[in-house]
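The values are calculated or read from the model by the stated rules, or taken from the named source; none is laboratory data. This is a predicted model, so every value here is computed, not measured. A quick note on method: Cβ atoms are made from the backbone with ideal geometry, for glycine too, and the neighbour counts reach across all protein chains shown.
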Amino acid sequence: MNKYLYQGHMVRQRFGQHFLYNNNIIAAIVTAIAPKTGQVIVEIGPGLGALTIPIVKLVSNMTVIEIDRNLVTRLANNYFLNSRLNIVQQDVMTIDFDKLSAKLGQPLRLFGNLPYNISTQLIFKLLNYPYAIYDMHFMLQKEVVNRLIAVPNSKSYGRLSVIAQYFCKIIPVLEVPSTSFKPEPKVNSMVVKLIPYTKKLPFPVNNFTNLTTLTKLAFNKRRKTLRNSLSKFFTPQQLEKQGINSKLRAENLSVEYYSKLANLL
Ligand code: SAM
């Protein structure tokens, strides 16, 4: 992409900047989030405030996390926003969300039109904080949302699906065409809602590291049968004893069965 100026801001590609400018889409996202006074609202990547402004009008103050110095300066100098925003100038990947939630006094309602270059990594990170987060609304590449909501036996089903569905209820919210952004991304987008299970996980494991290890092993060799990919931990007989056909592949196994196996390690 050549140099691209939007609302007087030199767009930085390395920060995945695609600014929302379709007002109907913005309104639909705000309606989906439905922020209420008293809730702790946190936006990742506020940019030029396309979502921040309509949201903060509903709650009077909120926290934003933005890496780009120039954008932070603009937000801080915005007469309407400066008294209403708690601006954290930091890489979101380095934020401790347990500490942030403790500081702000309750589980966070997180949202953001996420930079696509870090979105998958960021979701894996956020899943480590189920008690610090009340819910999340994220704009993501449609392909990433498809992976989040994928069910077994489908091409999109992978480690992200298993880990995200282990921790959260996931609800697709709205498709967003690339023409809704400046500059336009090459891919279509989608808003998704994730709600961490805080009371009871549907398929709890004794040790989450075991679930991570197992899913990495299985999906790193997703074309291999489970008897091959999981041979380090299970014999075909042990798999069959759990009701798992050892000739199946990683993509055929449900979250329930991954959890079952993780509890045997
Ligand atoms: N929310 C704005 C909108 O919808 O128009 C901007 C969305 S833009 C896709 C992503 C935003 O995230 C940009 O403001 C970018 O600077 C910011 N960003 C990118 N990487 C970040 C990081 N590692 N930590 C915090 N913010 C980041």
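Regarding VAL151, is this residue under 30 Å from ASN263 (Cα atoms) and either away from the ligand (no atom under 16 Å from the Cβ) or assigned to a loop (DSSP other than H, G, I, E, B) (or both)? In short, yes. Exactly one residue out of ILE123, ILE118, ILE65 is of a type in the set (A, V, I, L, M, F, W, C) and surrounded by fewer than 20 Cβ atoms within 10 Å (Cβ to Cβ): that is ILE118. Residue under question is THR235, and the condition is that it be under 17 Å from ILE123 (Cα atoms) and not assigned by TED's automatic domain parsing to the domain that holds ARG14; does it hold? So THR235 does not fit the description; no. Would you please name the residue that is nearest to the chain's Cα centre (by Cα), looking only at residues in region 186-211 that are buried (at least 17 other Cβ atoms within 10 Å of the Cβ) and of a type in the set (S, T, N, Q)? Applying the filter and picking the extreme gives SER189. From ASN70, ASN86, ASN146, grab the single residue that is in the same structural domain as SER180 (by TED's automatic domain parsing) and under 19 Å from the mean Cα position of the chain (by Cα). From the options ASN70, ASN86, ASN146, the qualifying one is ASN146. Please go through region 49-63 and pick out each residue that is more than 6 Å from the ligand (Cβ to nearest atom) and modelled with pLDDT of 95 or more. GLY49, THR52, ILE53, PRO54, ILE55, VAL56, LYS57, LEU58, VAL59, ASN61, MET62, THR63 - these are the residues of region 49-63 that are more than 6 Å from the ligand (Cβ to nearest atom) and modelled with pLDDT of 95 or more.
Would you pick out the residues in region 1-46 that are assigned to a strand (DSSP E or B), in contact with a Ser or Thr (Cβ under 9 Å, 6 or more places away or on another chain) and not β-branched (Val, Ile, Thr)?
Pass one, region 1-46, residues assigned to a strand (DSSP E or B): 5-6, 9-10, 19-20, 40-44.
Still in the list and also in contact with a Ser or Thr (Cβ under 9 Å, 6 or more places away or on another chain): 20, 40-43.
Within region 1-46, LEU20, GLU43 qualify.
Against the numbered list (1) closer than 16 Å to MET136 by Cα; (2) surrounded by fewer than 16 Cβ atoms within 10 Å (Cβ to Cβ), GLN13 comes up short only at (1).
Could you grab me the full set of residues in region 64-123 that are near the ligand (Cβ under 10 Å from one of its atoms), assigned to a helix (DSSP H, G or I), touching a residue at least 12 places away in the same chain (Cβ under 8 Å) and not hydrophobic (A, V, I, L, M, F, W, C)?
We begin by selecting, within region 64-123, every residue near the ligand (Cβ under 10 Å from one of its atoms); these are 64-72, 75, 88-95, 111-119, 121-122.
Those left that are additionally assigned to a helix (DSSP H, G or I): 69-72, 75, 92-94, 116-119, 121-122.
From what is left, the residues that are touching a residue at least 12 places away in the same chain (Cβ under 8 Å) are 69-72, 75, 92-93, 116-119, 121-122.
Hits for region 64-123 are ARG69, ASN70, TYR116, ASN117, SER119, GLN121.
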